[in-house]
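Colleague: Below you'll find the structure I mean.
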Amino acid sequence: MNKYTPETDGVDHINVYSQGKTQLGRFLTNFANSPFICGDGEFQSVEGYWYWLSCTHPRKEELRKAYGFNAKKLGRELRAADWVHTPEFKEKIKTAIACKVGGNLRMLNELRRNTLPLRHYYVFGGKIVEDKRSQWILDFIQTLAT
């Protein structure tokens, strides 16, 4: 049983989720509309960049402006991969997250002040679903707090 629940989001943990209760959790999610520039150019969200990296479709440039669930929807429509586990992919995503967080001083300071553990889960069918594949992202975000 998961000890973290949406009711205690912001009390004993931060849910890094687009529908999380805290502003920090909503900002840290890859879905967030938080523009950044990295070595591959300008993107509106890390989610859009995620799919852009694995997309070969001629319309892939549309992903630069995508955020939220629309980025995931477009990425899937263009047949980009949901999960890529290569070291190069992970490093590019970490760089993008660092650019996004570093580009928002207020949220960076909030992350640095935060003492609660970061989690990522959502509720589906009345059950809390925590995808462990994203733990490397949460671990990296935590390093940005130091």
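The values are calculated or read from the model by the stated rules, or taken from the named source; none is laboratory data. Not measured: the values here are computed from a predicted model. Don't worry about glycine lacking a Cβ; one is built from the backbone with ideal geometry, like all the others, and counts go over all protein chains shown.
Colleague: Under the condition of being surrounded by 20 or more Cβ atoms within 10 Å (Cβ to Cβ) and in contact with a strand residue (DSSP E or B) (Cβ under 9 Å, 6 or more places away or on another chain), which residue from segment 30-43 is farthest from residue 10 (Cα to Cα)?
Modeller: If we take residues in segment 30-43 being surrounded by 20 or more Cβ atoms within 10 Å (Cβ to Cβ) and in contact with a strand residue (DSSP E or B) (Cβ under 9 Å, 6 or more places away or on another chain), then 43 is farthest from residue 10 (Cα to Cα).
Colleague: Then there's this: Search segment 18-28 for residues being free of Cβ contacts under 8 Å to residues at least 60 places away in the same chain and touching a Ser or Thr at 6+ places or on another chain (Cβ under 8 Å), and hand back the single one that is farthest from residue 137 (Cα to Cα).
Modeller: Within segment 18-28, the match that is farthest from residue 137 (Cα to Cα) is 20.
Colleague: Given 125, 102, which one is small (Gly, Ala, Ser), surrounded by fewer than 11 Cβ atoms within 10 Å (Cβ to Cβ) and more than 18 Å from residue 51 (Cα to Cα)?
Modeller: Just one listed residue meets the conditions, 125.
Colleague: Take the residues of segment 131-146 that are modelled with pLDDT of 95 or more and among the β-branched types (Val, Ile, Thr): which is nearest to the chain's Cα centre (by Cα)?
Modeller: My answer is 137.
Colleague: Looking only at segment 77-90, how many residues end up being surrounded by 11 or more Cβ atoms within 10 Å (Cβ to Cβ) and either part of a loop (DSSP other than H, G, I, E, B) or without any contact (Cβ under 8 Å) to a residue 12 or more places away in the chain (or both)?
Modeller: 7
Colleague: Could you tell me which residue of segment 52-70 is farthest from residue 33 (Cα to Cα), considering only residues that are of a type in the set (S, T, N, Q) and part of a helix (DSSP H, G or I)?
Modeller: Out of the qualifying residues, it is 54.
Colleague: Next question, about the same structure. Would you please list the contacts, defined by Cβ atoms under 7 Å and residues six or more apart or on different chains, that run from a residue in segment 2-17 that is touching a residue at least 24 places away in the same chain (Cβ under 8 Å) and hydroxyl-bearing (Ser, Thr, Tyr) to a residue that is surrounded by 13 or more Cβ atoms within 10 Å (Cβ to Cβ) and part of a helix (DSSP H, G or I)?
Modeller: 17/25
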